Amino acid sequence: MIRYKDKERIKKKILNNIIDLFKEAKIQFKKNPKLSDRYVSLARKAAMKIKLKLPRSIKRKFCKYCYKYLVPSVNARVRLNNNRVTYYCNSCKKYTRFMLNKKN
């Protein structure tokens with residue numbers, strides 16, 4: 001049986017791997033966009049395997065429908081309207097909306 005501390009250590013290690021995969025996807029996007037899409041799929045599979053919630057900053061970097069790596073003004077449109085950020089994917093023609101945080 002895996003202890004709680006071991007699970008936390010594994011989750012931190014996988015999260016660091018996912019962050020590294022997204023950094024590499026950003027670097028590789030100009031040269032080979034398909035490779036950056038592959039990095040996104042590898043990161044998602046690793047997160048799903050251990051039921052890890054992805055951080056907000058990472059969730060906004062790929063399309064929820066086609067799992068392509070999104071780069072604003074290259075293969076995605078980003079719009080602001082009514083306290084929401086809308087990401088429109090040019091490959092699958094779907095959009096994702098995120099709420100903006102309200103300042104207190």
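Pairs of lysines in region 53-96 whose Cα atoms sit within less than 15 Å of one another amount to 8, provided the residues are eight or more positions apart or on different chains.
In this rough spin-label picture, where each label sits 7 Å from Cα along the Cβ direction, the ARG97-LYS13 distance is 4.1 nm. Quick one: of the DSSP bridges fully inside the chain, what percent are antiparallel, nearest 5? Just about 90 percent of them are antiparallel.
Suppose the chain between LYS45 and ARG84 were pulled fully straight at 0.36 nm per residue; how much longer would it get relative to their current alpha carbon spacing? Working shown, then result.
On the way: separation 39, 0.36 × 39 = 14.04 nm, distance 2.80 nm.
The LYS45-ARG84 span can extend by a further 11.2 nm.
Hey, fewest Cβ within 10 Å first, where do ASP6, ASP37 land in order? Provide the component values of the computation, followed by the final result.
Values: ASP6 10, ASP37 20.
Ascending number of Cβ neighbours within 10 Å: ASP6, ASP37.
Counting only aspartates and glutamates at least 8 places from LYS34 when in the same chain, those with an alpha carbon closer than 19 Å to its own are ASP20, GLU24.
Read the figures in this text as sums done on the coordinates, not as results from a lab. On a predicted model such as this, the values are computed, not experimentally measured, just so you know. In this analysis, Cβ positions are derived from the backbone assuming ideal geometry, glycine residues included, and neighbour counts consider all displayed protein chains.
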